[in-house]
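**Q** Encoded as structure tokens, here's the structure I'll be asking about.
Since every read-out is calculated from the coordinates, none of them should be taken as a lab result. It should be emphasised that the depicted structure is a prediction, and the values quoted were computed from it without experimental measurement. With ideal geometry, Cβ positions are generated from the backbone for all residues, glycine too; neighbour counts draw on all protein chains shown.
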Amino acid sequence: MEQHYPSQLLEKAVSEFAKLPGIGRKTALRLVLHTLRQTDEDVDQFVTAISRMKKEVKYCRVCHNISDTDVCPICSNPKRDTSTICVVENIQDVMAIENTQQYHGLYHVLGGIISPMDGIGPNDLQIGSLVDRVSEGGVKEVILALSSTMEGDTTNFYISRKLADYEVKLSVIARGISVGDELEYTDEVTLGRSILNRTPFGK
């Protein structure tokens, strides 16, 4: 049934909130009404935070993680193990792995996985820059931490072929994570163990 709004301004705001993933119009209306009850200062802070994030956030020029600076805090941390790179699909995966506190190397964010059905090919991802990082030397192991789906496996295989000429150990996270599961939804203990118990790729 079509919802009737007492204000066009309210309806426009609801429509904008409803564009967010996982937000239906009922939830959007609750968020808008909550916003209406906030002070002008609170709303201004909210709007400013979103606007600044959109305009000023950067992507690390090394690993492509989100950052406030040209090189993210993980890549610039001298205590991280620079000989290990963990390849992930997205920023949420970096956050999930960091929360386990079981991994102390660097990352490489692909920005997706190879998916011909969705029109995503190798050139749409940050695979070339991964090969560049490995070719510079100093990297001993590349951990492939992509989802255990057909697309994830295809991407793993493609990366393995691109790195075949380099003396680098390729490994995959242990399959304690169910097929199709996304890393960000896996509990920290299971994810932490899957990284510690990683296995050589192709074995």
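**Q** Taking the structure as given and computing Cα extents along the principal axes in Å, which label from (1) 40, 37, 34; (2) 66, 38, 34; (3) 49, 36, 36 fits?
**A** Computed from these coordinates, Cα extents along the principal axes in Å corresponds to label (2).
**Q** Continuing with the same structure: What's the FRET efficiency of ASP165 with ASN123 using the Cβ-Cβ distance as r and R₀ = 22 Å, to the nearest 0.05?
**A** Working from the Cβ atoms, E equals 0.70.
**Q** Also: Scan around ILE114 for amide H atoms under 5 Å from its own, H built in the peptide plane at 1.01 Å from N, and keep only partners 5 or more places away or cross-chain.
**A** THR155
**Q** Moving on. Classify segment 1-104 from the C-alpha gyration tensor, please: rounded if a/c falls under 1.5, else prolate or oblate depending on whether a/b exceeds b/c.
**A** It comes out prolate by the Cα gyration axes.
**Q** Let me ask something else about it. Against the longest alpha carbon principal axis of the chain, how many degrees, from 0 to 90 and to the nearest 10, is the axis of helix 150-162 turned?
**A** 40 degrees
**Q** If you don't mind, another one. What are the lysines whose alpha-carbon lies under 20 Å from the alpha-carbon of LYS140, with same-chain residues fewer than 8 places away excluded?
**A** The qualifying lysines are LYS79, LYS162, LYS169, LYS203.
**Q** With both bridge residues required to lie in the chain, what share of the DSSP beta bridges run antiparallel, to the nearest 5%?
**A** 30 percent
**Q** Normalising by the residue count of the chain, find the relative contact order in percent from Cα pairs under 8 Å and 6+ residues apart.
**A** 15 percent
**Q** Any idea what angle helix 91-100 forms with the longest principal axis of the chain, computed on alpha-carbon atoms, 0 to 90 degrees, nearest 10?
**A** Roughly 70 degrees between the two axes.
**Q** I want to verify a result. In a Gaussian network model of the chain, Cα cutoff 10 Å, which of these has the top mean-square fluctuation: ASP153, ASP44, ASP124?
**A** Highest fluctuation of the listed residues: ASP44.
**Q** While we're on this one: Given only helices, namely DSSP H runs of n ≥ 4 each adding -39500 (n - 2.57), what is the per-residue ellipticity at 222 nm of the chain, to the nearest 500 deg cm²/dmol?
**A** Mean residue ellipticity at 222 nm (helix-derived): -12500 deg cm²/dmol.
**Q** What residues qualify as long-range amide H neighbours of LYS140, i.e. H under 5 Å apart, gap of 5 or more or another chain, H built at 1.01 Å from N?
**A** THR84
**Q** What dipole magnitude, in Debye to the nearest 20, does the chain give about its Cα centre under +1 on Lys/Arg Cβ and -1 on Asp/Glu Cβ?
**A** 220 debye
**Q** Given the options ARG61, ARG52, ARG37, state which has the largest fluctuation in a GNM of the chain using a 10 Å cut-off (strictly under) for Cα springs.
**A** Checking each option, the largest mean-square fluctuation is seen for ARG37.
**Q** FRET efficiency for VAL71 and HIS4, Cβ-Cβ distance as r, R0 = 45 Å, nearest 0.05?
**A** Approximately 0.30, to the nearest 0.05.
**Q** What lysines does LYS19 reach when the alpha-carbon gap must be under 23 Å and sequence neighbours fewer than 8 apart in one chain are set aside?
**A** LYS54, LYS55
**Q** Between rounded, prolate and oblate, where does segment 8-56 land on the alpha carbon gyration tensor, with a ≥ b ≥ c its root eigenvalues, rounded for a/c under 1.5, else prolate if a/b exceeds b/c?
**A** Oblate.
**Q** Using a simple spin-label model with points 7 Å from Cα along the Cα→Cβ vector, what separation in nm is obtained for GLU11 and THR27?
**A** Using points 7 Å along Cα→Cβ, the separation is 2.4 nm.
**Q** For the Cα atoms of the chain, what angle does the longest principal axis make with the long axis of helix 8-17, in degrees from 0 to 90, nearest 10?
**A** The helix 8-17 is inclined about 10 degrees to the chain.
**Q** Now, a different point. So how far, in whole Å, is the C-alpha centre of segment 125-168 from the one of segment 64-107?
**A** Result: 16 Å between the Cα centres.
**Q** What residue among TYR5, PRO78, ASN123 has its Cα farthest toward the positive end of the dipole of the chain, where the charges are +1 on Lys, Arg and -1 on Asp, Glu, each on the Cβ?
**A** Most positive-ward Cα: PRO78.
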